[in-house]
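Down below is the structure, laid out as structure tokens.
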Amino acid sequence: EPDAGEYRIGMVSDDSGPIASAGQSYHQGADIAIAEINSKGLAGEGVTLVLDVKDSGSDAARAVQAMTQFGSDRKILATTCCILSSIAAAVSPIAASNEVPLVIYGATRSSLPQEPFVTSVVALPGPQEVQMSERIASELRPKKVAYFLSGDNDIFKTRALAMQEVIEKSGAETVAEITTLSADTDFTGPATQGIATNPDLIVVMTTQQPTVGIITALRQRGYEGMIVTSEVLSPPAVFKKSGDTIAGIPFALSFQPGVSDSEAAVSFIEAYKAEYDALPDVYAAQGYMAIQFIAQGIKSLDGKPTRQDLANAMWNTTEINVNPYGGQAMESGQARTPSTLIVNWTKDGEVKFWEKP
Amino acid sequence: MLTVTNLTASYGAIRAVQGISLTVDVGSLSVVLGSNGAGKSTTLRSIAGLHRPIGGSVMLDGHNISKLSLHNVVRAGLALVPEGRMVVAPLTVEENLLLSRFSGRKGDGDTLARVFDLFPRLKERRTQPSGLLSGGEQQMLAIGRALMTEPRVLLLDEPSMGLAPSVVDLVFEAIVALNKQGQTILVVEQNAALALSVCDYGYVIKRGEIVVKGSPEELRENPEVLEAYLG
Amino acid sequence: MILFLEQLVNGISLGSLYALFGIGFGLVFATLGILNAAHGVYASWAAILGYFSVEYFGVPFPVAVAIGVLGGGLIAIVVDQIGFQPLRGRKSGMLGALITSIAFLIILDSLAGMATNHQSWAFPSDSFPSGMVDFGAIQVPQMQIIIILSTLICGGGIYLLIQKTRIGAAMRAVGWNAEAAALSGVNPRIIILLTAFLAGATSGLAGVLGGAATSNVSYMLGEGLLLKGFAAVVVGGFDDVRGTVIAGILLGISEVFVAQYLSTTYRDGFTYILLLTFLVARPRGLFGSRDFVRA
Amino acid sequence: MEALLDFWSAYSAAIAFGLVNSLFALSMYSVLSAGILSFTTVVFAAIGGFAAAQVIGTFGLPLWVAFPLAGIAGGIGSAIIAAIFLKLETHWMALASLAMVLITRVTVLNTPSLTGGVMGMMVPVRASVLELTILVAIVALVFYRLHNSWYGLAIRAVREDAAAASTMGVSLRHIQLIAFLISGVVGGLAGAAMATTLQYISADTFYLGVAFTMIAGTVLGGSFHWFGPIVGAFVFTALPSVTQAVLPELQDIAKGVVLLVIMIYLPRGLIDPRARGLRKAARQRQDAAVREQDNASKLVKNAGQAHD
Amino acid sequence: MTDTSGQTIHELKNVVKKFGGVTAVNNLSMSIAKGTVHGLIGPNGAGKTTVINLITGLFDVSGGTILFNGTRTDTLEPHQIAGLGISRTYQNVRLFSGMSVLEQVLTGCYLGRGTNLFASFLGTSDARRKWKTSRQTAMHLLERVGMADRADELAETLSYGEQRRIEIARALGSDPKLLLLDEPTAGMNHSEASDIGKLVHELRDSGLTILMVEHNISLVTEFCESCTVINFGQLLAEGTPRACIDNPDVQIAYFGKKRDAHGH
Ligand SMILES: Nc1ncnc2c1ncn2[C@@H]1O[C@H](COP(=O)(O)OP(=O)(O)OP(=O)(O)O)[C@@H](O)[C@H]1O
Ligand SMILES: Nc1ncnc2c1ncn2[C@@H]1O[C@H](COP(=O)(O)OP(=O)(O)OP(=O)(O)O)[C@@H](O)[C@H]1O
Ligand SMILES: [Mg+2]
Ligand SMILES: [Mg+2]
């Protein structure tokens, strides 16, 4: 175990800017982890971790500045960052060249990890939706399927295409592929276009704002058929905003209060609820796990931990012990896909396992 | 009627007018002479509220108007025909004239007709954006606009500038006629001979100070005035 | 055919929103000479205020709209008095005011972000007219009808106000040169306040109506409108409200149709290439703008 | 010593971005000083940025080869754009330039082979602060020389009154074309500098955010003298760091307020040659007045002597 | 100097200018003899300034041709016309804001800079020398209009009459062959105006041709050799100033019936 004392972790957060709502979740999850680690000695006897936060405002240049400052600040032992893949790509080389461990927590681009300094606790998306698509295709047997794709987010687009492949294999016909952009707000046009093709299943795979907007527009325009989407629907705030419009729409993820029941999940949810009087979402869980991952690395070291040793330890980790997913394997600094939960909101604002209607 | 005491004005650190005092009696016509850069325009601008003086007072009918903002000075009954005309370019001639209805002073249809009588040229151009008028036409408009507010005191800064001789005559006839009707007038004019032939009292400004004042006869005899202004 | 008609209505409604927003933007530019980057924030705040009054005080929708409109107008007045008034008559040109408006954009945007917790909200679907009106062949959402009518009424009203009334003449006069206007006894301050209020109020109206219709009340709402509103104003020909309305609607229609028949990926690119081509072909906009200064 | 080094490495990123933003601001200033409000700098920067990324990343050429190439690429881009734009009038040009920015974004997103598309591109080489300083110094020297040449005089005349300038023999087209070309070259360099400072560029790097930064920086610093944009770019870059240190929760608001206060008190920017001119004029008049008084008193003295 | 008078330097042939419905210049022909001071007078709105704008290329003609030294100029751009040696002042003073008095005049010297922009950018020794020469020229011109001691001041801080003088100096900067003065003495008193008149004569004596728009008739009679009177954009009279003024049509249109031109 390492020497007792205070160790600092730098976090480049997204507390403001266009993705601030997710950014705040990550930040709060990380704070919960710090509190838990310090009170339970998870990083070693007498070891306390302190989070040093710099807000990037979702701006790559500001993130780079923040990471450079962390990198050159000898008191910082490790860093964590980044929801947007573009920002992650911009700060990773800085972490590597400054030789400071960086744990990426939100960005889903593949091949971000760099041995040994840059690791990622984000499972690459895809397999979960594929599982969900298989279930839906076999249980609902859709005939005509319309897809809403993201025109400026390749990751979401790839995920949608993976689903499309599965669904088409089951014999369903693709009647429409409608593209929207992340910054769009008016979806009456796309919704009209989608409904006009008369689909019995609509797949919405876009970033959060458009997803909610498209679903609302579809329902307002009278579409009553089946819709499936992604985990962007999971934060409680989304339900608060959209109400029962989104009830019954399935999505796949790894963590969800009300469904996740591992010991770590339960204690995380409770701590989060006590602190913020709200339920954590999957983003908060990731922020939490990033810090737990670092703590686990620190705990495995002796004496005064160095950045280099910590990085090596983390790179060689194969399992994150404290995680709300009920199991999180790591391989060469990259999280593997954990178990999949296929869930939906109910009309009264709870999340339940999805059942065929 | 209009009493200016110890008026001092500057542009930043540049002093343009230093301690000018003058009195314009009710119904009188006074004229201000001075060479380029003497501070004539600055004096008029400061009296009318177009420039904020740094010292001195301007009394109109016993009320101090030196702290009033421009539009309130106009509403109090003082109108200025400024140097550089300052017509409202995007507005038509007629709109420019009718804007005076905001002064709360009469400016009824009659005044409009009188202005058009005085300057038939403006009537011909009534629907033209005033920024497209010729220089002289704009000068007419600036004078017409001041008349539209039916002021009690009228300040004119080189009204004859840019006007053809016949129009200069018309303007001065109008000035005299207005004055006869009891209008109080203060005019800055470069055409000294013309100005001195109609006024009751005159001032000469030099480097921001009044250096000579007196009746037109006295001014005409003053050697300095003779040389510089009457030739 | 039905799809075409439905999309046409969608386009007109979307474009009306751009136009409604653009009217005030153009008004302030044409009269006060300010390129106001903060114009979008009025819309965001109006939508947020309207949403809050429904959410926390349960007021009926028309009251929420009124609150948003009033709020938009008042914020516009505050911005004008703090940000633009001190620059008047100080030879800073258009750029000085552009930067103070950017400063207000930053300030009001972050305040709005805090007020909404950086999230997007929506009017509860039963709080505003969210039904559809049956026109036989097609059905049209009530909100779309409300938006289109509001735009036509505001556009027409403001056009008449500016071109045909004395107040309108005073507004144009003050915008050209406040001192020149004051020489006729016009109180520039009041005219400026009125102009700012009108601009803020129409922006606010666009904000609340748009926020309700698209189920998106967020601090970023105005940002999306800003560029489109600006485009509508320019294409329409700065000082003509009619141009703004027509150009805004055309812009909306083109967006919807490009997305429908070409591709969304190229939607913005295509729309802006169209716009660029138009500008090169007709460099002074739809209605041109009258020259009033001589060479 | 170590503390000093730490300080340097902590703030070197801020300084680097200040330098990069100076280039952006100077590129915008180049056209602004001809009276054109244009955001096409963003376009030139995108051209230069991706060109540099390709040159360095794909062909492995060194930084100081990439910079000139990026400048040339930006210059070519600006020549094409100027050919279209110089037909337009000011406000329309501003909008057209915004349209160009959006078109560029769509183009970048849809030409993945050149730009990496939505994924963007990594740049394997980082420009040091020293290298950036040299680059900015060279560009500043160019602007300094321009300012003090006939071009500088002509462009100021064009900005204040294009018609009057043309009757003095100044060709509007010619001057504006040069302004655009300089803007293009400097914009291309700015893009390359940005690419080698961030080491990662994508469509988002060259979008409205940077347009905002550069116009705010330019006007804040003063758009009437070439030194203004450099000062403004540094102030505007440092603002977030400073406000973050002082008021972390309200940093954006604080940034807005500082911007507002500066503009209200110095509406023509931090560097304003006109204000200097006014002060100078005031001083000279005072001197002249004093001299005149001296002369007057001398005259009186002489007169007195004459009477004797 | 050689006597070149009588030789036409500038000519308008049937020039027409319409603004929408307004015909500001209507089928006007006039010619200016080399080395003379030519007066252009007429009532307000007669089209005098428009004529100057047409000559300098700021307006395109709606019809007719304009010739300078036999070269057609009505199809040229303003800067090209300036390049041929035509220079002007403006009726509503148009100085460049933010520039010092000296810089205004230096801008006027742009055409006579003697180096190209690139050499001037590089600061070659030749360019530096030429720059110095231009500065001297500018200072000299300021002396001629009596404003040399104000060279470093911002032009916009000068009074109206002072600004007019700067305009004249600026127009002379390009060493023109034809100088167009639009009401150069407006806002000047008698002695100031005759100073300008004397300057005009000096300029003419040094070979310049001058077209002068003026409402100050005594100046026109005193300093112009020939004169054109226009009204409603049309030619009303031409000849010597005296002949023009005595023309009864001119008397009615320009002076009003009641007054004789020699008064005051
Ligand atoms: N905006 C200004 N800034 C600085 N100084 C100014 C400004 N306007 C005028 N001045 C100075 O103030 C003094 C007086 O100017 P003013 O315009 O009052 O003169 P004037 O007597 O009207 O001259 P003119 O006959 O030429 O119109 C002059 O020295 C002038 O240079
Ligand atoms: N751009 C324009 N559009 C419409 N009318 C115009 C335009 N420019 C000038 N005019 C009109 O053409 C006529 C001639 O104007 P111009 O300025 O040439 O007169 P001027 O002879 O110089 O008069 P002044 O002695 O008053 O300066 C005027 O009646 C004016 O209103
Ligand atoms: Mg004056
Ligand atoms: Mg004229």
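The values are calculated or read from the model by the stated rules, or taken from the named source; none is laboratory data. Because the structure is a prediction, the values reported are computed rather than measured. All Cβ positions, even for glycine, are placed from backbone atoms using ideal geometry, and neighbour counts span all protein chains on display.
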Scanning the range B:164-196 residue by residue, the ones that are out of contact with any Ser or Thr (no Cβ under 9 Å at 6 or more places or on another chain), assigned to a loop (DSSP other than H, G, I, E, B) and within 16 Å of ligand 1 (Cβ to nearest atom) total 0
The helices (runs of 4 or more DSSP H) lying entirely within the range E:41-153 that contain at least 3 residues which are closer than 28 Å to B:Arg121 by Cβ and more than 8 Å from every other protein chain (Cβ to nearest Cβ) are E:48-55
The residue from D:Ile76, D:Ile103, D:Ile56, D:Ile72 that alone is within 14 Å of chain C (Cβ to nearest Cβ) and either of a type in the set (S, T, N, Q) or part of a helix (DSSP H, G or I) (or both) is D:Ile103
Q.
Is it the case, given these coordinates, that E:Asp182 is in contact with a strand residue (DSSP E or B) (Cβ under 6 Å, 6 or more places away or on another chain) and within 12 Å of chain B (Cβ to nearest Cβ)?
A. yes
For the range C:8-24, the count of residues that are surrounded by fewer than 24 Cβ atoms within 10 Å (Cβ to Cβ) and more than 13 Å from C:Leu250 (Cα to Cα) equals 0
- Considering every residue within the range B:173-183, establish whether at least one is over 29 Å from E:Tyr254 (Cα atoms) and modelled with pLDDT under 95. yes
Just a yes or no: is a residue in the range E:186-201 within 22 Å of B:Gly162 (Cβ to Cβ) and within 16 Å of ligand 4 (Cβ to nearest atom)?
-> yes
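Every residue, every condition in (1) closer than 28 Å to A:Thr211 by Cβ; (2) at pLDDT below 90; (3) in a helix (DSSP H, G or I), yes or no:
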site	(1), (2), (3)
A:Gly57	yes, yes, no
A:Ala61	no, yes, yes
A:Val64	no, yes, yes
A:Met67	no, no, yes
A:Thr79	no, no, no
A:Ile83	yes, no, no
A:Ala88	yes, no, yes
A:Val130	yes, no, yes
Those strands (runs of 3 or more DSSP E) completely within the range E:160-256 that have 2 or more residues that are closer than 15 Å to E:Thr89 by Cα are E:178-182, E:209-213
Restricting the range B:112-138 to residues that are part of a helix (DSSP H, G or I), crowded, with 19+ Cβ neighbours inside 10 Å and charged (D, E, K, R), the one nearest to ligand 2 (Cβ to nearest atom) turns out to be B:Glu137
Of the listed residues (D:Val170, D:Val129, D:Val123), the one being under 30 Å from E:Leu179 (Cβ atoms) and of a type in the set (A, V, I, L, M) is D:Val170
Checked the range A:275-304 for anything in a loop (DSSP other than H, G, I, E, B) and either in contact with a His (Cβ under 6 Å, 6 or more places away or on another chain) or crowded, with 24+ Cβ neighbours inside 10 Å (or both); matches are A:Pro280, A:Asp281
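Rundown of residues vs (1) more than 10 Å from ligand 2 (Cβ to nearest atom); (2) modelled with pLDDT of 95 or more; (3) in the same structural domain as E:Arg204 (by TED's automatic domain parsing); (4) of a type outside the set (Val, Ile, Thr), yes/no style:
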residue	(1), (2), (3), (4)
E:His38	yes, yes, yes, yes
E:Asn44	no, no, yes, yes
E:Asn53	no, yes, yes, yes
E:Asn69	yes, no, yes, yes
E:Thr75	yes, no, yes, no
Would a scan of the range B:31-48 turn up a residue that is away from chain E (no Cβ under 12 Å), farther than 18 Å from B:Cys199 by Cβ and in contact (Cβ under 8 Å) with a residue 40 or more places away in the chain?
yes
Of the residues in the range B:139-167 that are small (Gly, Ala, Ser) and at the interface with chain E (Cβ under 8 Å from one of its Cβ atoms), the one that is surrounded by the fewest Cβ atoms within 10 Å (Cβ to Cβ) is B:Ser166
Within the range A:160-186, residues being in contact with a strand residue (DSSP E or B) (Cβ under 7 Å, 6 or more places away or on another chain) and either of a type in the set (S, T, N, Q) or under 25 Å from C:Ile138 (Cα atoms) (or both) number 9
Among strands (runs of 3 or more DSSP E) completely within the range B:1-91, the ones holding 3 or more residues that are closer than 27 Å to D:Ala275 by Cα are B:2-11, B:14-24
Hey, D:Gly256 within 11 Å of chain C (Cβ to nearest Cβ), farther than 22 Å from D:Gly75 by Cα, under 16 Å from the mean Cα position of the chain (by Cα) and buried (at least 21 other Cβ atoms within 10 Å of the Cβ) or not: no
Considering the range D:156-170, residues that are without any contact (Cβ under 8 Å) to a residue 12 or more places away in the chain and in contact with a helix residue (DSSP H, G or I) (Cβ under 8 Å, 6 or more places away or on another chain), and then whichever is farthest from the other protein chains (Cβ to nearest Cβ), we arrive at D:Ala165
Given the conditions (1) more than 21 Å from B:Glu94 (Cβ to Cβ); (2) in contact with a Ser or Thr (Cβ under 9 Å, 6 or more places away or on another chain), every one holds for B:Gly214 apart from (2)
Can you confirm whether the range E:158-172 contains a residue that is within 10 Å of chain B (Cβ to nearest Cβ), within 27 Å of B:Ala192 (Cα to Cα), surrounded by fewer than 21 Cβ atoms within 10 Å (Cβ to Cβ) and within 13 Å of ligand 1 (Cβ to nearest atom)? yes
Filtering the range C:257-295 down to residues that are closer than 20 Å to C:Leu152 by Cα and of a type in the set (A, V, I, L, M) yields C:Leu286
Exactly one of B:Ser69, B:Ser130, B:Ser103 is touching a His at 6+ places or on another chain (Cβ under 8 Å), within 11 Å of chain C (Cβ to nearest Cβ) and either among the polar types (S, T, N, Q) or within 16 Å of ligand 1 (Cβ to nearest atom) (or both), and that one is B:Ser103
Answer yes or no as to whether E:Asn53 is in contact with a Phe, Trp or Tyr (Cβ under 7 Å, 6 or more places away or on another chain) and within 16 Å of ligand 4 (Cβ to nearest atom). yes
I'd like to check something: does the range C:271-283 contain any residue that is away from ligand 3 (no atom under 16 Å from the Cβ), of a type outside the set (A, V, I, L, M), in a helix (DSSP H, G or I) and under 21 Å from the mean Cα position of the chain (by Cα)?
yes
